[in-house]
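Novice: Supplied in structure tokens, the structure appears directly below.
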Amino acid sequence: MDRTAMRVCPLCEATCGLSITLVDEVVTRVRGNPDDVFSKGYLCPKGASLGRFDGDPDRLSAPLVRRPDGGFDEVGWAEAFEAVERGLRAVTERHGRDAVAVYMGNPVIHTLALPLYLLVLRERLGTRNVYSSTTLDTMPKSVACGLMYGDPLAFTLPDIDRTDHMLILGANPMESNGSLWTVADLPGRLKALRARGGRLVVVDPRRTRTADLADEHVPVRPGTDALLLLGIVHTLFDEDLATDPGAGFAGFAELSGHVKAFAAEEVAEACGVPAETIRRLARDLAAAPTAAVYGRLGTCTTEFGTLTSWLVDVVNIVTGNFDRPGGVLFGEAPHATRRPAEPFRTGRWHSRVRGLPEVNGELPTATLADEIDTPGEGRVRALLCIAGNLVLAAPQGERLDRALPELDFMVCVDPYLNETTRHASVILPPPSAMESPHYDVVLAGRSVRRNARFSSPVRALPPGRPSEAEILARLVLIASGKSAAGDPQSVDEALIDLTLRAATGRPDSPLRGREPAELKARLTGDNALERRLDSMLRLGAAGDLFGVRPDGLNLALLKENPNGIDLGPLRPRRREVVMTASGLVELCPAGITGDLHRLDGRMRDLRSGELVLISRRQLKSVNSWSHNIPTLSGGTNRCTLEISTRDAERLGVTAGERVRVRGRGGEVVVPVEPTDRLREGVVSLPYGWGHGREGSRLSHAATQPGVSMNAVTDSTLVDPLSGTAVFNGVPVRVEKVTEGERGTESGKADSE
Ligand SMILES: Nc1nc2c(c(=O)[nH]1)N[C@H]1C(S)=C(S)[C@@H](COP(=O)(O)OP(=O)(O)OC[C@H]3O[C@@H](n4cnc5c(=O)[nH]c(N)nc54)[C@H](O)[C@@H]3O)O[C@H]1N2
Ligand SMILES: Nc1nc2c(c(=O)[nH]1)N[C@H]1C(S)=C(S)[C@@H](COP(=O)(O)OP(=O)(O)OC[C@H]3O[C@@H](n4cnc5c(=O)[nH]c(N)nc54)[C@H](O)[C@@H]3O)O[C@H]1N2
Ligand code: SF4
Ligand SMILES: [Mo]
């Protein structure tokens with residue numbers, strides 16, 4: 001029987017609404033849903049292949065438990081949870097709670113269940129060893145927002161539909177579809193900006209597809225954007241173009257002092273960008289009626305990630321484009337409630353081996369291998385890896401590949417037996433996205449338009465198969481010292497009670513004095529998780545407050561509107577958002593400006609002639625876990641080292657010939673692809689390859705394994721303020737592989 005269902009795509013941050021056709025419960029077709037209030041029919045090749053992800057025969061359908069001889073047995077769910085309970089308990093009893101580490105990967109933000117349970121899971125585990133892909137990605141921006149606005153999650157989003165001028169640094173939204181910025185059809189919206197006479201400028205060492213679309217492409221030297229932005233701020237002051245943001249802001253006068261040493265003429269050589277260009281970029285920003293500056297991975301995952309993220313918003317502020325339509329605006333999730341103000345600070349504890357500071361309750365993933373393979377008191381003995389592929393994603397992943405087998409116990413919540421999960425003691429596979437309800441708990445707050453969309457499961461769960469929510473709830477039970485066989489819904493029930501008691505108890509609450517039990521009885525949803533979502537929606541910024549605001553949101557209303565509900569454009573709301581100790585936007589937090597001397601030192605010490613490696617993302621890849629989907633691999637989606645034509649000539653290599661790329665973390669052998677898209681001195685590898693490892697079960701990916709970029713990266717290189725790994729601007733040596741040497745693509749890690 002044919003039927004069609006609506007579901008929001010879980011594959012990237014654009015959150016496109018999809019229309020999914022099923023024949024006899026098999027997904028046969030995926031199209032953009034033209035009636036979706038947010039994405040209006042847009043989809044990309046990955047979304048169109050969602051049915052292939054769903055039907056991938058390599059997806060695990062039952063839990064796997066490691067046998068003493070090293071192989072895996074398929075077991076029943078009860079048995080798998082018992083194994084987890086035993087394994088984790090043995091480690092905490094012998095070594096204490098900090099001996100259990102948890103790592104949370106990128107797909108967390110693309111599910112409903114994971115963000116809603118991970119906070120409690122972390123709390124119940126009671127460990128300081130919390131790691132996530134955030135320190136491989138967005139943490140510099142969080143530190144900047146935490147120190148400037150008091151909230152590490154108060155991200156500023158370019159108002160793409162209303163701006164006159166966009167300056168993009170280190171992002172390639174034409175292929176990534178945007179990040180820390182939920183915008184469906186970003187390619188179309190960037191084109192619309194140009195069509196209405198707006199200007200697009202892209203700063204990137206590589207001429208990307210986004211740069212192709214731009215009015216101007218500035219091929220900066222990798223890792224020097226902070227200098228370029230300082231040159232811009234200096235110009236704004238120097239040419240009297242900087243706008244004092246006035247009341248509500250601290251540090252404007254101080255700012256001009258901090259940028260003194262960074263005149264465009266001073267930074268030009270280090271950035272590889274002429275001073276006149278830097279000055280013009282500043283003048284253009286100041287002259288535009290509205291403008292928005294945006295930086296992403298190429299600015300975050302560099303040695304100066306936090307400084308750069310800070311400067312992006314500094315430029316937005318001093319050009320008068322902060323918190324205003326056409327400039328940058330804070331996101332606003334409909335379910336969000338204002339969080340209690342406690343001053344943001346980092347370094348409340350430090351990592352054992354390298355002494356790196358905690359940020360937002362997490363330690364840097366770049367130091368997880370140290371914590372596992374360095375003997376001594378406090379060593380990590382067990383790992384819960386949830387939706388993460390550490391071996392391919394973390395810097396110097398090959399060292400983790402060697403360290404993970406040293407653990408006493410490792411649990412993975414993951415649909416695949418892949419490069420990382422092959423080291424697990426137990427793998428708990430979540431069901432397909434098609435069998436999971438969806439609401440974008442995290443991404444709704446990063447969306448360019450306020451909207452609320454709920455997707456019911458497209459297809460029912462197979463009998464006996466636990467939802468991802470149930471898997472997580474049972475892990476929470478185990479972490480709470482209870483039996484995994486207990487009632488998983490009790491976890492949600494307890495959280496609902498807590499929320500409702502708080503909401504009815506606060507003196508300023510519109511629900512003050514109401515009975516929590518009465519409110520609880522009004523919640524709807526097919527299970528406890530859905531009822532918990534209903535409570536969040538009702539109490540949130542756009543909620544119905546259990547009838548106090550009758551036109552507000554609740555889950556039942558979202559279910560009646562499968563195309564979603566649009567709540568309008570973003571609005572200026574600095575006064576609601578900012579919760580620094582001073583109550584002001586801090587333009588010059590000491591925790592950030594204190595790092596300027598390090599940058600100043602680097603500016604004077606840039607070695608030219610050294611090749612540096614940057615990462616690239618491919619339109620048809622989803623990080624490390626989509627290469628098993630035949631429709632998304634092959635063609636242009638290959639693992640090659642891009643190198644500038646001049647550098648290729650110098651090394652005497654031509655297209656397809658193999659080179660050895662050697663970094664501090666190790667080396668790989670990979671075919672080259674000479675291109676005029678790259679700045680001289682820069683080479684680029686795609687991230688997420690390196691499949692075909694013994695013990696993994698990714699049959700198609702193994703036919704085109706590629707090499708892992710993170711076999712080359714260096715885990716000791718981090719942005720010290722946020723602990724974020726450096727994936728862009730990694731020093732490497734490249735040499736032609738001589739005849740007679742093994743010519744196959746391969747990765748090898750240095751033995752340390
Ligand atoms: N060299 C280099 N390294 C990088 C980057 C780079 O640009 N260059 N980028 C970094 C960035 S931005 C990120 S976000 C990280 C990503 O780091 P990770 O999140 O660790 O890696 P992913 O490749 O996204 O792997 C996701 C894992 O989740 C599983 N998965 C998929 N869907 C689900 C689901 O619904 N539930 C569960 N439980 N599991 C699921 C997949 O099978 C896979 O094992 O990598 C970082 N690493
Ligand atoms: N198709 C596809 N889409 C994705 C993903 C995917 O794997 N595939 N992954 C998702 C994830 S997890 C994320 S975090 C986002 C990332 O989203 P983006 O940040 O938009 O994606 P990237 O391709 O990593 O873009 C980084 C850009 O920075 C450039 N760059 C490198 N070094 C520097 C530098 O020093 N300075 C400057 N100015 N530029 C530099 C690179 O050339 C590259 O073009 O994409 C998401 N969307
Ligand atoms: S752009 Fe992102 S959300 Fe939209 S269809 Fe493609 S992968 Fe899915
Ligand atoms: Mo990411």
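The values are calculated or read from the model by the stated rules, or taken from the named source; none is laboratory data. Fair warning: this is a prediction, and the values are worked out from it, not measured in the lab. Glycine gets a Cβ as well: all are built from the backbone with ideal geometry, and neighbour counts include every protein chain shown. Note: accessible area is taken over every heavy atom of the protein model, side chains too, but ligands, DNA and RNA are not part of it. Shrake-Rupley method; radii C 1.70, N 1.55, O 1.52, S 1.80 Å.
Novice: Give me a count of the residues in the stretch 199-244 that are open to solvent by less than 10 Å² (accessible area, probe 1.4 Å) and not in a helix (DSSP H, G or I).
Specialist: Selection size over the stretch 199-244: 8.
Novice: Further, regarding this structure: Out of the stretch 702-721, which residues are buried (at least 19 other Cβ atoms within 10 Å of the Cβ) and either aromatic (Phe, Trp, Tyr) or assigned to a loop (DSSP other than H, G, I, E, B) (or both)?
Specialist: Once the filter is applied, which keeps residues that are buried (at least 19 other Cβ atoms within 10 Å of the Cβ) and either aromatic (Phe, Trp, Tyr) or assigned to a loop (DSSP other than H, G, I, E, B) (or both), the stretch 702-721 yields PRO705, GLY706, VAL707, SER708, VAL712, THR713, ASP714, SER715, LEU717, LEU721.
Novice: Now for a different question. Which numbered condition in (1) open to solvent by less than 40 Å² (accessible area, probe 1.4 Å); (2) in contact (Cβ under 8 Å) with a residue 40 or more places away in the chain is the only one that SER699 fails?
Specialist: Result: SER699 passes all but (1).
Novice: Right, next: Just one of (1) more than 16 Å from ligand 3 (Cβ to nearest atom); (2) under 27 Å from the mean Cα position of the chain (by Cα); (3) within 27 Å of LYS559 (Cβ to Cβ) trips up ASP2, so point out which.
Specialist: Status for ASP2: all satisfied but (2).
Novice: Out of (1) surrounded by fewer than 22 Cβ atoms within 10 Å (Cβ to Cβ); (2) without any contact (Cβ under 8 Å) to a residue 40 or more places away in the chain; (3) of a type in the set (Gly, Ala, Ser), the odd one out for ALA264 is which?
Specialist: Failing condition for ALA264: (1).
Novice: Still on this structure, I have one more. What number goes with the only condition from (1) within 16 Å of ligand 2 (Cβ to nearest atom); (2) out of contact with any helix residue (DSSP H, G or I) (no Cβ under 8 Å at 6 or more places or on another chain); (3) not β-branched (Val, Ile, Thr) that ALA195 does not pass?
Specialist: With respect to (1) within 16 Å of ligand 2 (Cβ to nearest atom); (2) out of contact with any helix residue (DSSP H, G or I) (no Cβ under 8 Å at 6 or more places or on another chain); (3) not β-branched (Val, Ile, Thr), ALA195 is out only on (1).
Novice: Can you name the number of the only condition in (1) open to solvent by 30 Å² or more (accessible area, probe 1.4 Å); (2) within 30 Å of TRP349 (Cα to Cα); (3) within 16 Å of ligand 2 (Cβ to nearest atom) that LEU43 fails?
Specialist: Failing condition for LEU43: (2).
Novice: Those residues that are part of a helix (DSSP H, G or I) and open to solvent by 10 Å² or more (accessible area, probe 1.4 Å), I need them from the stretch 412-451; list them, please.
Specialist: ARG422, HIS423, ALA433, GLU435, ALA444, GLY445, ARG446
Novice: Write out, first by first residue and then by second, each pair whose Cβ atoms fall under 7 Å of each other, whose residues are 6+ apart or on separate chains, and whose first residue, in the stretch 173-194, is within 16 Å of ligand 4 (Cβ to nearest atom) while the second is open to solvent by 30 Å² or more (accessible area, probe 1.4 Å) and among the basic types (Lys, Arg).
Specialist: Pairs that qualify, where the first residue is within 16 Å of ligand 4 (Cβ to nearest atom) and the partner is open to solvent by 30 Å² or more (accessible area, probe 1.4 Å) and among the basic types (Lys, Arg), are GLU175/ARG209; GLU175/ARG617; SER176/ARG617; LEU180/ARG446; TRP181/ARG446; THR182/ARG446; VAL183/ARG189.
Novice: Residue by residue through the stretch 85-121, note down the ones that are of a type in the set (Ser, Thr, Tyr) and more than 20 Å from the chain's Cα centre (by Cα).
Specialist: Passing the criteria: only THR92.
Novice: Taking the condition out of contact with any strand residue (DSSP E or B) (no Cβ under 7 Å at 6 or more places or on another chain), assigned by TED's automatic domain parsing to the domain that holds ALA393 and within 16 Å of ligand 2 (Cβ to nearest atom), does PRO68 pass?
Specialist: Against the criterion (out of contact with any strand residue (DSSP E or B) (no Cβ under 7 Å at 6 or more places or on another chain), assigned by TED's automatic domain parsing to the domain that holds ALA393 and within 16 Å of ligand 2 (Cβ to nearest atom)), PRO68 does not qualify.
Okay, residues lined up against (1) assigned to a loop (DSSP other than H, G, I, E, B); (2) of a type in the set (Ser, Thr, Tyr); (3) more than 29 Å from VAL267 (Cα to Cα); (4) touching a Pro at 6+ places or on another chain (Cβ under 9 Å):
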site: VAL612; (1), (2), (3), (4): no, no, no, yes
site: SER615; (1), (2), (3), (4): no, yes, no, yes
site: LEU619; (1), (2), (3), (4): yes, no, yes, yes
site: ASN623; (1), (2), (3), (4): yes, no, yes, yes
site: THR631; (1), (2), (3), (4): no, yes, yes, yes
site: ASP647; (1), (2), (3), (4): no, no, no, yes
site: ARG650; (1), (2), (3), (4): no, no, no, no
site: VAL669; (1), (2), (3), (4): no, no, yes, no
site: GLU673; (1), (2), (3), (4): no, no, yes, no
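Novice: For the stretch 420-436, name all the residues that are under 21 Å from the mean Cα position of the chain (by Cα) and more than 16 Å from ligand 3 (Cβ to nearest atom).
Specialist: Those that are under 21 Å from the mean Cα position of the chain (by Cα) and more than 16 Å from ligand 3 (Cβ to nearest atom): THR420, THR421, PRO430.
Novice: Just name the residue that is surrounded by the most Cβ atoms within 10 Å (Cβ to Cβ) out of those in the stretch 386-411 that are in a strand (DSSP E or B) and more than 8 Å from ligand 1 (Cβ to nearest atom).
Specialist: Checked the stretch 386-411; the qualifying residue surrounded by the most Cβ atoms within 10 Å (Cβ to Cβ) is VAL411.
Novice: Return yes or no: is PRO569 under 30 Å from PHE454 (Cβ atoms), at pLDDT 95 or above, within 25 Å of the chain's Cα centre (by Cα) and more than 16 Å from ligand 2 (Cβ to nearest atom)?
Specialist: Against the criterion (under 30 Å from PHE454 (Cβ atoms), at pLDDT 95 or above, within 25 Å of the chain's Cα centre (by Cα) and more than 16 Å from ligand 2 (Cβ to nearest atom)), PRO569 qualifies.
Novice: Among the residues of the stretch 85-121, what is the count of those that are within 16 Å of ligand 2 (Cβ to nearest atom) and part of a loop (DSSP other than H, G, I, E, B)?
Specialist: Selection size over the stretch 85-121: 2.
Novice: For the stretch 122-152, how many residues are part of a helix (DSSP H, G or I) and either within 20 Å of the chain's Cα centre (by Cα) or over 28 Å from ARG89 (Cβ atoms) (or both)?
Specialist: Within the stretch 122-152, residues that are part of a helix (DSSP H, G or I) and either within 20 Å of the chain's Cα centre (by Cα) or over 28 Å from ARG89 (Cβ atoms) (or both) number 16.
Novice: Still on this structure: Scan the stretch 208-229 and report the pairs whose first residue is of a type in the set (Asp, Glu) and whose second residue is within 16 Å of ligand 4 (Cβ to nearest atom), with Cβ atoms within less than 8 Å and a gap of 6+ or a chain change.
Specialist: ASP225/GLY170; ASP225/GLY295; ASP225/GLY298; ASP225/THR299; ASP225/THR302
Novice: Quickly run through the stretch 348-369 and pick out the residues that are open to solvent by less than 20 Å² (accessible area, probe 1.4 Å) and out of contact with any Lys or Arg (no Cβ under 6 Å at 6 or more places or on another chain).
Specialist: SER351, VAL359, GLY361, GLU362, LEU363, PRO364, THR365, ALA366, LEU368
Novice: Taking the conditions exactly as written (closer than 25 Å to PHE53 by Cα and more than 16 Å from ligand 1 (Cβ to nearest atom)), does GLY652 satisfy them or not?
Specialist: Criteria not met by GLY652.
Novice: Across the stretch 573-622, which residue is surrounded by the fewest Cβ atoms within 10 Å (Cβ to Cβ) among those that are within 19 Å of LYS260 (Cα to Cα) and among the aliphatic types (A, V, I, L, M)?
Specialist: Among those residues, the one meeting the criterion is ALA590.
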